[in-house]
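Undergrad: Once you've had a glance at the structure underneath, I'll fire off some questions.
Since every read-out is calculated from the coordinates, none of them should be taken as a lab result. Here the structure is a predicted model, which is why all the values come from computation and not from measurement. Cβ placement follows ideal geometry from the backbone for every residue including glycine, while neighbour counts extend to all protein chains displayed.
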Amino acid sequence: MIEVHEITIKDLDALAAIEARVFRHPWTRNQIAECLYHESVSVNLAVKEDGEIAGYLFALDTGKEAQILNIAVDVPYQHKGFGQELMKAFFKTIEKDSHISLEVRKSNLPAIKLYSDYGFETVGEREQYYPDGEDALVMTKDM
């Protein structure tokens, strides 16, 4: 059974492990924990299957502006709809007239497709945005 819920501090170790498996330059355990401590403006969601965390999404939401900071789906769960479940749950938390932005690696075609499928459009680039020098695409969506 697939379910989406708010992340708690109890999920920290599982999130850090997924982060390390999925990304070339993963967030540290402390960076993940910092997202959990900004509860007043944070949207922190995990998608689970049969009680196991399959993926997560961290975002900031200040009312009219939201920014997706990080979204990841663990390797065995990729390309099985878990990213879509996270996006649908995220949109349910956002005000109807919000502006949403995110940065994504230019080479991350599956993520770019996911965001495009949900109405995000590329509006710019950030040169050498990532630690390895790769550029980021800036994508936005108005609700």
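Undergrad: Pairs to check: Lys88/Lys113; Lys92/Lys141; Lys10/Lys106; Lys10/Lys96. Give those whose C-alpha atoms are more than 23 Å from each other in this structure.
TA: Working: Lys88/Lys113 15 Å; Lys92/Lys141 14 Å; Lys10/Lys106 33 Å; Lys10/Lys96 31 Å.
Exceeds cut-off: Lys10/Lys106; Lys10/Lys96.
Undergrad: How much length is gained if the chain between Tyr37 and Lys80 is pulled fully straight, taking 0.36 nm per residue apart and subtracting their Cα-Cα distance, in nm to one decimal? Before the final figure, lay out each step's value.
TA: On the way: separation 43, 0.36 × 43 = 15.48 nm, distance 3.01 nm.
Result: 12.5 nm gained on full extension.
Undergrad: Could you list Ile2, Ile18 in order of exposure, starting from the residue whose Cβ has the fewest other Cβ atoms within 10 Å? Write down the numbers at each step before the final one.
TA: Working: Ile2 13, Ile18 23.
The order, fewest Cβ neighbours first, is Ile2, Ile18.
Undergrad: Under 8 Å for C-alpha pairs, at least 6 residues apart: give me the relative contact order for the chain, rounded to a whole percent. Don't skip to the end; give the middle numbers.
TA: On the way: 251 pairs, mean separation 26.7, N = 143.
Answer for the chain is 19 percent.
Undergrad: I want to check the label-to-label distance for Glu3 and Glu95. Put each point 7 Å from Cα in the C-beta direction and report it in nm to one decimal.
TA: A separation of 3.1 nm, rounded to one decimal place.
Undergrad: Moving on. Roughly what would the spin-label model give for Val123 and Lys64, points 7 Å off Cα along C-beta, in nm?
TA: 1.3 nm
Undergrad: Just want the ordering: Val4, Val47, Val138, Val75, from fewest to most Cβ atoms lying within 10 Å of their own Cβ.
TA: Values: Val4 19, Val47 25, Val138 16, Val75 9.
Result, fewest neighbours first: Val75, Val138, Val4, Val47.
Undergrad: Do the sum for the chain: with -39,500 (n - 2.57) for every DSSP H run of n ≥ 4, divided by all residues, what is the mean residue ellipticity at 222 nm, to the nearest 500 deg cm²/dmol?
TA: Helices in the chain give a 222 nm mean residue ellipticity of -8500 deg cm²/dmol.
Undergrad: To continue, here is another question. Could you give the size of the charge dipole of region 2-142 about its Cα centre, using +1 on the Cβ of each K and R and -1 on the Cβ of each D and E, expressed in debye and rounded to the nearest 20?
TA: On the way: 15 positive and 25 negative charges, 38 e Å.
Roughly 180 debye, rounded to the nearest 20.
Undergrad: In square nanometres and to one decimal, what's the mean projected area of the convex hull around the Cα atoms of the chain?
TA: 8.0 nm²
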